[in-house]
1. For segment 19-143, what does the convex hull of the Cα positions come to per residue, in cubic angstrom?
2. May I ask you to evaluate 6.51 cos²θ - 1.76 cosθ + 1.60, the Karplus curve with θ = phi - 60°, for each residue of segment 12-22 and list the ³J(HN,Hα) values in order in whole Hz, giving x for glycine and proline?
3. Which order do 60, 7 fall in if you start with the one that has the fewest other Cβ atoms within 10 Å?
4. Please state the charge dipole magnitude for segment 1-95, taken about the Cα centre, from unit charges on C-beta atoms (+1 on K and R, -1 on D and E), reported in debye and rounded to the nearest 20.
5. What distance in nm separates the two pseudo spin-label positions at residue 18 and residue 65, each 7 Å out from Cα along the beta-carbon direction?
6. Got the relative contact order for segment 1-95 handy, in percent, Cα pairs under 8 Å and 6 or more residues apart?
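Every number here is computed from the coordinates shown, using simple stated rules; none is lab data. Because the structure is a prediction, the values reported are computed rather than measured. Methodologically, a virtual Cβ is constructed for each residue, glycine included, from the backbone with ideal geometry; neighbour enumeration extends over all protein chains shown.
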Amino acid sequence: MNSQIERGAELIGKGDIQGALSLFELVVESNPIDHLAIYYVGLCHLKMDKVSTAVLHFNRALEIAPNTVNYISDRAVAKLRVKDQEGSLADLDKCVELDPNYSYRYSLRAFAKNSFGDADGAIEDYMKAIELDPSDPITYNNLGLAQEAKGYQIDAKRSFDKSNELSGYDPNRKAKDHTIKLKKQEDETRIEQLPAEESASYWSTIKSVFTDSKQRSEFVKFTGNLLRGKTNE
């Protein structure tokens with residue numbers, strides 16, 4: 001990997017998105033067909049909520065390196081942020097096709113389906129994700145949200161309980177609702193949520209068990225972006 005790309009990736013990890021973007025743009029300027037650098041430019045724009053610009057760069061990277069699954073996946077996230085249902089789900093279907101044994105692909109598609117009102121499809125994909133990785137509390141939690149939306153209260157409680165068990169979260173410590181609000185757009189139906197301070201604490205607990213799993217860290221990052229993200233374009 002180009003040393004400037006490595007440095008840019010480090011800056012992203014430290015939260016210096018503008019600094020990272022400047023490095024990636026220098027790489028692209030010197031090598032206009034470096035698809036990894038182009039992808040990272042798009043990722044920086046996505047992190048800055050410049051979603052349309054992000055999609056353009058993801059498209060360009062995929063023109064050079066077709067079927068690169070992580071590029072397609074992040075493009076799907078960008079499309080989900082602007083409610084492009086057809087485009088987002090098409091990309092997520094492709095991700096599942098390219099990487100059928102990776103639970104994150106199904107979790108992400110399930111989240112998108114649930115966001116677009118397809119709770120049945122979401123439940124099916126969450127169940128497949130759990131089949132591939134039965135140790136993921138985030139997927140169990142989101143399965144519970146989809147089951148709850150369908151009125152399957154007993155199944156939802158089982159899923160929430162399993163999420164709590166896997167994450168080490170004890171709902172008896174506080175007599176308040178434990179479900180997680182997955183923030184989308186302001187005009188969409190609200191899901192029950194923890195108060196902000198408890199939600200942040202709960203997410204810290206969840207993240208603490210994800211130190212060695214790419215699947216979990218990616219999904220926490222994605223869900224965290226949706227919790228806090230708004231589009232500017």
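1. Working: hull volume 13.0 nm³, N = 125.
Per-residue hull volume (Cα only) is 104 Å³.
2. 4, x, 8, x, 8, 5, 5, x, 5, 4, 4
3. Details: 60 18, 7 14.
Ordered by Cβ neighbours within 10 Å, fewest first: 7, 60.
4. Magnitude of the dipole: close to 220 debye.
5. 2.8 nm
6. Values: 114 pairs, mean separation 17.5, N = 95.
It comes to 18 percent, rounded to a whole number.
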